[in-house]
Every structure is written in C-alpha cells, then in structure tokens.
Amino acid sequence: MSPNGPKPNASLKDFCIDATLPVPVAKFWAAAIGGEVDIDEAGEALIRRGEDVDIWINRVPEAKTVKNRVHFDVYARTVDDLVALGATARATEPEWVVMADVEGNEFCAFLDPELESDTPAKLFAVCTDSDKPVEIAQWWQDRVGGTLTPGSDGTLRWLRGGAGWGDLIWKFVRVPDERVVKNRWHWDVRADAAELVHDGARALRGPDTDIRWTVLTDPDGNEFCAFG
C-alpha cells in the first residue's frame with residue numbers, strides 16, 4: 001500500500017471451490033496439501049487446515065466448461081505423487097507443470113525434489129487471471145494491505161503479506177481472454193460490505209434467510225463473499 005493510500009479495511013479468509021461432486025475434490029486437495037475433510041448432510045465439504053487457510057468445496061449443478069480464472073500454485077516433489085491421487089498432467093512449461101485435479105480444475109506444480117512437507121505438495125500461491133493485473137492487484141492491496149512485488153514481467157502484480165493469508169502469494173496473472181462464466185474458485189473476506197462497495201466493489205446479494213454473508217464482485221468482476 002502506498003503511504004498516501006487508503007487504510008486496509010479487509011482481511012482474507014477462506015478459499016472456496018465450486019464442484020459437482022464436492023467430496024472427491026475435497027479428498028484430493030486434503031491428500032495433496034494437507035487437512036482434515038468434514039462432510040455435511042448435504043454432501044458439501046470443508047478442508048480444515050489448522051493454521052493454514054481452510055478450503056470449502058460447495059456443490060453446484062453446473063459442470064466446469066472453461067479454464068478457471070483462479071487457481072493454485074503448489075510446490076511438489078514429483079508429478080507422479082499427484083497423479084497417484086487422481087490428478088492429470090496437461091502441459092509441461094519450463095518452470096512448472098500444468099495439472100488438473102479430479103474435477104478438471106487447473107493448478108500449477110513447481111517441482112522441488114527437496115520439498116520438506118508431510119504431504120505430496122505445498123500450497124504457496126493463489127493465481128487470479130486478469131487483463132489488467134496491475135490495477136486489480138493495487139485495488140486488493142488497498143483492501144487487505146501487504147506488499148506488491150514484481151511478477152515475471154517486472155510489473156507490480158504479486159501481492160505478499162495480505163491480511164489473513166499468511167505467507168501465501170496472491171499472483172495476478174496477465175491474460176488476454178475475457179471472463180465468460182462465474183469463477184468456480186473464489187475467496188472470502190472479513191470486511192464491511194458497504195465499505196467495499198464504497199471502494200468500488202459491486203454487491204450481488206446481501207444476507208437473507210439462506211445466507212449470512214454478502215456476495216460481491218471486485219472491479220475486475222471476480223466474485224467473493226464478505227463476512228461482517
């Protein structure tokens with residue numbers, strides 16, 4: 001945040017994944033990066049990760065149809081360990097392997113044979129696609145604080161130290177493609193929804209008889225939920 005910028009008024013909370021079959025997705029990610037899976041009566045799941053960010057897997061009727069605009073980056077000892085859990089390797093890049101989980105959700109595995117972890121992989125970054133990553137990175141830094149550092153192109157679009165996510169890096173990734181469907185992966189925040197709307201977010205749905213949070217989009221159209 002710049003010295004003259006707004007004071008942070010939000011903190012990052014849980015992470016949420018839409019799935020047609022929540023339990024297999026939850027079991028995959030719990031096995032891959034750690035956590036205990038709780039399953040409710042509706043068949044939705046929560047991965048409790050102790051001091052790390054919890055992950056909710058919510059049931060939706062619609063299947064995944066396009067590349068996710070939000071995904072995880074993980075360190076992994078080998079690709080084979082993740083494949084053994086049900087992942088699929090899709091493409092090999094110079095520094096990482098593009099993979100998909102058991103429901104086709106993309107993620108990137110950066111290989112580290114010396115990884116010190118009790119699980120096959122370690123989550124280290126959340127990536128969000130955007131055609132204006134510098135601007136949306138700045139917007140979120142103004143909301144949750146932290147420090148913006150250069151991405152691979154030298155522009156300030158990697159957010160480190162955002163309130164609530166510990167040492168997770170939030171990478172805003174430059175892409176040319178337009179958003180065509182609701183994001184299947186999103187984040188929750190602790191914040192006053194009215195303040196977020198004042199700062200440029202858009203409210204889609206407020207608390208009602210079914211939910212106790214506010215559903216919003218940021219200025220780039222990314223859905224997220226705010227808990228007051």
Determine which aspartates and glutamates satisfy two conditions relative to Lys7: a Cα distance under 14 Å, and not lying fewer than 8 residues away in the same chain. Asp142, Asp192, Glu195, Asp199
Using only Cα atoms, what is the ratio of the radius of gyration of the stretch 33-148 to 2.2 N^0.38 Å? 1.17
Cα-based Rg of the stretch 129-228 per 2.2 N^0.38 Å, rounded to two decimals? 1.09
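Work out which GluC sites (Glu not before Pro) in the chain are exposed loop sites (DSSP not H, G, I, E or B, at most 11 other Cβ within 10 Å) and give the longest gap free of them. It would help to have the intermediate numbers written out before the result.
Details: sites that count: Glu41, Glu51, Glu62, Glu95, Glu114, Glu116, Glu178.
No qualifying site falls inside 117-177, the longest such stretch.
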Excluding residues fewer than 8 positions from Lys64 in its own chain, the aspartates and glutamates with Cα under 19 Å of it are Asp18, Glu44, Asp101, Glu103, Glu106, Asp129, Asp177, Glu178, Glu223
Could you tally the net charge around Asp52, taking each other residue with its Cβ under 13 Å from the Cβ of Asp52, Lys/Arg +1 and Asp/Glu -1? -2
If the chain between Asp210 and Val83 were fully extended at 0.36 nm per residue, the gain over the current Cα-Cα distance would be 41.9 nm
Taking the dipole about the Cα centre of the stretch 119-205, with the C-beta of Lys and Arg at +1 and of Asp and Glu at -1, give me whichever of Pro176, His198, Val134 is farthest to the positive side. Pro176
Options Gly35, Ala125, Leu216, ranked by Cα towards positive dipole end of the chain, top entry (Cβ charges): Leu216
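Determine the relative contact order of the chain: mean sequence separation of Cα pairs under 8 Å and six or more apart, normalised by residue count, in whole percent.
Values: 517 pairs, mean separation 49.2, N = 228.
It rounds to 22 percent for the chain.
So, with +1 on the Cβ of K and R and -1 on the Cβ of D and E, and no other charges, what is the size of the charge dipole of the stretch 25-75 about its Cα centre, to the nearest 20 debye?
Working: 7 positive and 10 negative charges, 76 e Å.
About 360 debye.
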Excluding residues fewer than 8 places away in the same chain, name every one of the lysines whose C-alpha is closer than 17 Å to that of Lys27. Lys122
Hey, got the dipole for the chain? About the Cα centre, +1 on K and R Cβ, -1 on D and E Cβ, debye to the nearest 20? 480
If you put +1 on each Lys and Arg Cβ and -1 on each Asp and Glu Cβ, how big is the dipole of the stretch 111-221 around its Cα centre, in Debye rounded to 20? 220
In the stretch 91-228, carbon and sulfur make up what percent of the accessible area (probe 1.4 Å)? 53
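The values are calculated or read from the model by the stated rules, or taken from the named source; none is laboratory data. Treat the numbers as computed from the prediction; the structure is a model and nothing was measured. No Cβ is skipped: glycine too gets one built from the backbone with ideal geometry, and neighbour counts run over all protein chains shown. All accessible areas refer to the heavy atoms of the entire protein, side chains included, with ligands and DNA or RNA removed. Shrake-Rupley method; radii C 1.70, N 1.55, O 1.52, S 1.80 Å.
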